[in-house]
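A.B. asks: Quick one: the structure is below, and I'll ask about it shortly.
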Amino acid sequence: MVLFIEIASWLLLVGGAGFCIVGAIGLLRMPDLYSRTHAATITDTLGAGMVLVGLALQAGPNLTALKLLMVLAFLLYTSPVSGHALVKAAYSHGIKAELDVPIDPQQVQIPERPARDAPTDSARGKEGADDVSD
Amino acid sequence: MTFPIEAIVFLFLLATALAVTHLRDLFAAAMVFGVFSLLSAGLFTLMDAVDVAFTEAAVGAGISTVLILSTLALTDPREHQQPVRFAPVAVVLLVGAALVYGTLDMPYYGDPTAPIHKHVAPEYIEGAMTDFGIPNIVTNVLASYRGYDTLGETTVVLTATVGVMLLLGGLGGARHRGDAEVVEAAGDEEPTPMDRVQVARVSTTVLAPLIMLFGLYVQFHGDFGPGGGFQAGVIFASALILHGIVFGLSSLKRVVSPRFLEIGLAAGVLIYAGTGVASLFRDGTFLDYAVLDHHSAQHGRHLGILLVEAGVGITVTCAMVLIFFFFAGRRAAKSEEPGDRDRRVA
Amino acid sequence: MMFATAIVGILITMALALARALKGPTVFDRILAANMFGTKTILLIAAAGFLTGRPDWTDLALVYALVNFAGTVAVLKYVRFQDMAAGGE
Amino acid sequence: MTLHLPAIAILLPLLSAPICVAVRHALVTRLLTVAVGWGSLAVSGELLRQALSGAPIHYELGGFAPPLGIEYVIDTTTGYVLVIVSTIAAVVFSFGATTRGAALPAGREHLYYGAMLLCLAGLLGMTITGDAFNVFVFLEISSLSSYALIGLGQDRRAPVAAFSYLIMGTIGGTFFLLGIGFLYQATGTLNMADMAERLASLHRSRTVHVAFGFLTVGLSLKLAVFPLHQWLPNAYARAPAVISAFLSATATKVMYYVLVRMIFTIFGATFVFGKMGMDMALVPLSLGAMFVGSLAAIFQTDLKRLLAYSSVAQIGYMTLGLSFNSVNGLTGGLAHLFNHALMKGGLFLAVACLVYRVGSSRLDDLAGLGKCMPITSAAFVTGGLALIGVPATVGFISKWYLVLAALETGQYLFAGLILLSSLLAVAYVLRVVEVLYFKAPKSPDVREAPVSLLLPTWILIGATVVFGLRTELTAGLARSAAMQLLGAGS
Amino acid sequence: MSTFGLWHYWVVIVLMMIGLYTVIARDNLVKKVMGLNLFQVSVIMFYVSMGKVEGGTAPIIPEQASGPVVYSNPLPHVLMLTAIVVGIATTAMALSLVVRIRETYGTTEEDEIRKLDRAEHE
């Protein structure tokens, strides 16, 4: 049984570290902010999660393991929130996503939004094509 | 075995410090400064200074970044281009050379035979075990052996808050309307755009009580593990500040009014000094907790340390929230420019 | 030993995140990199605790997570507020 | 209860400050501040009497022996400085319009009094403690409260002056902290007496040399010694006149005391003057301060700035006395501590009375006030004469000892320079007298300042004459303090 | 690991000097405050690295004290808790002064403030 825990936590730790590195490389190579957020949040949730669970296994069933899982729960809870707030702030700041093919506004057919939206949303310029959920 | 990690962390520290100096965009500099504080807290953990790491993370990375940002919200975030001036470089090189010259006769890093480990430290370590029975030696020395230092420290927090209240008490500079109490005036503005963001609001309502609970845990766990009055105070305050950031000052004012905070600020220091005076009346010297309990000195010391840490926790909590009030309140006053009024309503 | 490999991985991630924080063109890249850097410091502390045989510091890691979240929310509030004063939503 | 007098001396202001913060009532806090001022004077007087009669008082805090815990050490010099600080505090706190000069936000007077009490607590705490790190903590308390008080000046440039004072002061404080760190690394303890014993065998260690360097530079920054004095003129000129009176008469004096305590108690005179050659550095700086300060004072257009520059010159006298490393020299320095506190405190309070009526301290706004405000102008003239060092005033006493010390060690040049710089003092005092008396009054309907303002001013100005005649209290005390320090030192 | 000498202190001194340079050379007041913080945090690093004992653990007594445990020196940690609080207090005070200056002068650049002062002085 102990051997199994050793192997499992070893795998989790190295895997988690690997995912973190993948996320970091993504952070550097991605072209624009939005894809970078995508890469960064992967490491926050998966990479950190695996490392923390690996450590919790190592610590054995005591208070430290509980604390580690609490840190994991806090991280899982707050990373998406801060990621969301970041992207919302960036979008309202007017940062555009870099699409691979430059679209010119005329020839792109923007599907008419269904009527249920509040008037103020549609009053916001046509170029904001995608749906802006509040 | 932790040497290679410390070396790499030092590299990061050097990089971030240089970045803070050279980044002309002040927002970016503030962010990198937050990273620098968090990294230095990490370094302290590697150097076995757990309580210092705790405080540096909570105070350095948390509160000072928030304060710098709230000042930047008022000022223009671009720094002027500046040629490198050589007088400061000369001064800095001179001071640095003097310091390095001074370290030549110092014992090596981590050398157990250094004079500081031989003279006073051993008494502190086994003193904590024998006549105090408190596992966390740092909290023990902080509150009992050098309790007077910590009283001075709490008074420093009180002084800084009184200073900020005096300087930022009035509503804006001469240009602004009347001298109505800034915090009341800032309170009645309509909800900030932030709290229309559903996600941030929901997450804070869930998180704030948990953070406060964690603050209480740190306050009373201070004797056994890393923690204590200061750290607990800052964590408690960050829960309230988080609420203030997301829900705006008006709701934070309803949760805890500035008047109450001012009384709490003074009460903390009075509790601390009061414990000291109590031991005066029982003919022990000032801040001598042993006399607080007749039959067992150890119990008296436990009681003394508990009271003292509680006093520190209350003062630091009220101080941090008050300072945030006056900085954030100031920001609302600033954006009350006539030009903004219509835009804000739209 | 396994902790050492995990820590090396985390240190590499921090180095890359730091590069993005310094290079990042817009402020938001820097905020993103700083946030990621914060979470990696949490892992570094937790793993270093195990490496040095004193694993009972994990509430320290919890404080880092808390401070990181509070800092990020504060930055985003002032980034929005600042531009709110400039142009509003 | 008299056994715990040292603790009460600090507790009085330290406890009343938070009470002022909690109680929002302006009048109650004002009365509390005045009571605490006079109370701390009484306690300090009693402590001085006890220190004079017997051996230095040791008071262990928290019931732990010195190297482990923190202790108070009160010898003659400590009692002497405690009395000076609390005398000035008592008189300045009972000044009529303390909040007049400050741009106070509405309903914040109680915080203003709280900040003043905290500054007093910081200064007293720094003087009385026998633990090196504790000096740093109370140094920060007094500095932070003085930054806030200076920043409250009605002058538009007050926050700028307070900010540059904060930057210079914090660099000075951090150098002081570095110096303590080096000393702690070399000796392993923080208690001053314990440190002195262990330093006796470490005179060749480079760490101790650099520690001495950083401690001295840090304190010189806070003491505004000649090249590092840029912050002082703006800080005292922009601050409310009452705060300038309080700070100029106490803050620099306590920093001077910490410098003296460090040189003679921790390092010992032989190490400081023999090995480190402190006098070679300090003498030119002091002479520079005397001349640059006085010359700059002559060309000032603002009365408070003029007095601030004269403070820089007077600090030069004190450091000159220190650098002679002789009983007469140190007596002159310590006596000048008390005399300058009286003179400068009285002069700044006189300026506060003028500003109370005229609203500005620019010289051309104060033209011809000699006739409309005769008592205040008379106070100013008496204070000016004391600054010059006219016989029968306190200024003369300290200059007398300084010249004596210079002649004693055969440096006739220094004696001549001291007298020459007094002539410069004559220049800027006469300039003010000429503005006050021989110019047409700008606004003839100015009435005399109220009694509640004039009384404290004349207490200090009167004292400059009284102690000029009966010198056993000032010079006698300074001499016994100097002998105790040098006795302990050499 | 114990005798790689004083290298540790020298890196901390370099950090101190970066902080001091920022305080002295930069004109922007907010950048000065950041520099002041850098300087104070590195002084704290200097004290903590003094206290580290090679092979010692954090000065908290573990429950199952198996044999004599070597602890790092607790005293520098106590002193540095005070220094951190002093640092944050000075920062709060400095930033409130910067806010006051910004509102009366409209700028946080020291050279512009001096120009405005000189202009207003004549």
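Derivation of every value follows stated rules applied to the coordinates shown; laboratory data play no part. Bear in mind the structure is a predicted one, so any value in this text is a computation, not a measurement. Glycine also receives a Cβ, built like all others from the backbone with ideal geometry; neighbour counts cover every protein chain displayed.
A.B. asks: Can you bin every Cα-Cα distance in chain B into 10 Å intervals starting at zero and give me the percent of pairs per bin, rounded to whole numbers?
C.D. replies: All Cα pairs considered, the percentages come to 5, 19, 27, 25, 17, 7, 1.
A.B. asks: Could you give each residue of region D:251-260 its phi-based ³J(HN,Hα) in whole Hz, using Karplus coefficients 6.51, -1.76, 1.60 with θ = phi - 60°, and x for Gly or Pro?
C.D. replies: 4, 5, 5, 5, 4, 4, 4, 5, 4, 4
A.B. asks: Pick out, from A:Gly83, A:His93, A:Leu27, the residue whose Cα sits farthest towards the positive end of the charge dipole of region A:2-96, with +1 on the Cβ of Lys and Arg and -1 on the Cβ of Asp and Glu.
C.D. replies: A:His93
A.B. asks: Could you please state, rounded to a whole Å, how far the C-alpha centre of region B:1-21 is from the C-alpha centre of region B:225-252?
C.D. replies: Here the two parts' Cα centres lie 29 Å apart.
A.B. asks: Roughly how crowded by other chains is peptide B:118-129, in terms of the mean Cβ count from those chains within 10 Å of each of its Cβ atoms?
C.D. replies: Other-chain Cβ atoms within 10 Å of each residue's Cβ, averaged: 5.
A.B. asks: Based on the alpha carbons, how large is the Rg to Rh ratio for region B:1-117 when Rh follows Kirkwood?
C.D. replies: 1.04
A.B. asks: Something else now. So what are the radius of gyration and Dmax for the Cα set of region D:2-489, in Å?
C.D. replies: 21.3, 70
A.B. asks: Follow-up. Would you mind giving the mean number of other chain beta-carbons within 10 Å of the Cβ of each residue in A:44-53, as a whole number?
C.D. replies: 4
A.B. asks: Would you mind ranking A:His84, B:His22, B:His295 so that the residue whose beta carbon has the fewest other beta carbons within 10 Å leads the list?
C.D. replies: B:His295, B:His22, A:His84
A.B. asks: Separation between the D:Arg447 and D:Ala378 pseudo-spin-labels, each 7 Å from Cα along Cα→Cβ, expressed in nm?
C.D. replies: That separation, rounded to one decimal, is 2.0 nm.
A.B. asks: So, one more: Please report, in whole Å, how far the alpha carbons of region D:286-377 spread along each principal axis, starting with the longest.
C.D. replies: If we take the Cα atoms of region D:286-377, the spans are 47, 24, 17 Å.
A.B. asks: So if I place +1 on the C-beta of Lys and Arg and -1 on the C-beta of Asp and Glu, and nothing else carries charge, what would the dipole magnitude of region D:2-489 be about its Cα centre? I want it in debye, nearest 20.
C.D. replies: Charge dipole, region D:2-489, about its Cα centre: 940 debye, nearest 20.
A.B. asks: Take the alpha-carbon centre of region C:14-45, take the same for region D:1-76, and report the distance between them in whole Å.
C.D. replies: 51
A.B. asks: Return one number: the angle in degrees, 0 to 90 and rounded to the nearest 10, between the long axis of the Cα atoms of helix C:27-51 and the longest principal axis of the Cα atoms of chain C.
C.D. replies: 20
A.B. asks: Which of rounded, prolate or oblate describes region C:2-86 when judged by the alpha-carbon gyration tensor and an a/c cut-off of 1.5?
C.D. replies: Note, shape of region C:2-86 comes out oblate.
A.B. asks: Given N residues in region D:11-69, what is Rg(Cα) / (2.2 N^0.38 Å)?
C.D. replies: The reported ratio for this selection is 1.52.
A.B. asks: Another question, then. Set the bar at 23 Å for Cα to Cα. Now go through D:Lys304/D:Lys439; B:Lys118/E:Lys52; B:Lys253/C:Lys77; D:Lys222/E:Lys32; D:Lys344/D:Lys442 and name every pair that lies beyond it.
C.D. replies: Pairs exceeding 23 Å: D:Lys344/D:Lys442.
A.B. asks: Follow-up question, since we're still on this one. Summarise the partner chain shielding of B:308-320 as one whole number: the mean count of Cβ atoms from other chains within 10 Å of each residue's Cβ.
C.D. replies: That average works out to 1.
A.B. asks: Restricting the calculation to Cα positions, tell me the Rg (one decimal) and the Dmax (whole number) of chain E in Å.
C.D. replies: For chain E, the Cα radius of gyration and maximum Cα-Cα distance read 20.8, 76 Å.
A.B. asks: In addition: Binned at 5 Å from 0, what are the whole-percent values of the Cα-Cα distance distribution for region D:91-138, short to long?
C.D. replies: 5, 18, 22, 19, 13, 12, 8, 3, 0
A.B. asks: Another question about this same structure. With the contact rule set at Cα under 8 Å and sequence spacing of 6 or more, what percent relative contact order holds for region B:260-306?
C.D. replies: Taking the mean separation of contacting Cα pairs over the length of region B:260-306, I get 22 percent.
A.B. asks: Moving on. If Lys and Arg each add +1 and Asp and Glu each add -1, what is the summed charge of the other residues whose beta carbon sits under 11 Å from the beta carbon of D:Gly359?
C.D. replies: +2
A.B. asks: Can you tell me the Rg and the Dmax, both Å, for the Cα atoms in the protein assembly as shown?
C.D. replies: Computed over the Cα atoms of the protein assembly as shown, radius of gyration and Dmax are 30.2, 102 Å.
A.B. asks: If you find the alpha carbon centre of region D:353-399 and of region E:80-106, how far apart are they in angstrom?
C.D. replies: Each part's Cα centre sits 36 Å from the other's.
A.B. asks: Using only the alpha-carbon atoms of region A:2-96, report the extent along each of the three principal axes, biggest first, to the nearest angstrom.
C.D. replies: Reported extents, whole Å, longest axis first: 54, 25, 11.
A.B. asks: Would you please put D:145-155, D:449-459 in order of how densely packed they are, using the mean number of other Cβ atoms within 10 angstrom per residue and starting with the highest?
C.D. replies: The densest-packed peptide leads the list: D:145-155, D:449-459.
A.B. asks: Translational diffusion coefficient of region D:161-306 at 37 °C, 0.692 mPa s, Stokes-Einstein with Kirkwood Rh over Cα pairs, in µm²/s as a whole number.
C.D. replies: Diffusion coefficient, whole number: 200 µm²/s.
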